Amino acid sequence: MSQVQFNTQLTDQVTVSDEAVKQLLALTENEDDVNGVRIFVSGGGCSGMTYGMTFVDEPSRFDTTLEKDGLKLHVDAIALGFLEGVEIDYQTEGANASFVFKNVFANSTSGGSCGGCGSSGGGGCG
């Protein structure tokens, strides 16, 4: 039997703007034992899937990794299925600054919501 080959390197599935890389590097440079940043997807329900980032000390064996300008971004195989095509940017608007995930869930058929939420019958998602 042949073994399944797992691709551990991200290429163009997820893109990160230069400004987002700069800001993520600034956040991680003073942290001990940080190998990079994990991009994750979780949840479901009325508000749909949620996404975020956290520091990681080392990647798991199921991670794919994007390296850009000294930053390592780790995404597990399941999350990658939801994040493919996303662009992570860092935007400043007045006094507010944040990381922005653009084109999130473009490949998701559900659109990140369910039909019952906010209905006049008080239904909502269970």
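For Lys102, the lysines whose Cα comes closer than 19 Å to its Cα, not counting residues fewer than 8 places off in the same chain, are Lys22, Lys68. Can you find, among Ala26, Leu66, Phe82, the residue sitting farthest towards the positive end of the charge dipole of segment 7-96, where Lys and Arg contribute +1 and Asp and Glu -1 at Cβ? With unit charges placed on the Cβ atoms, the residue in question is Phe82.
Considering segment 14-102, its Cα convex hull presents a mean projected area of 6.5 nm².
Where a number appears in this text, it was derived from the coordinates with a stated rule and is not lab data. Bear in mind that the values here come from a model prediction, so they are computed numbers and not experimental data. As a convention, Cβ positions derive from the backbone with ideal geometry for all residues, glycine included, and neighbour counts pool all protein chains shown.
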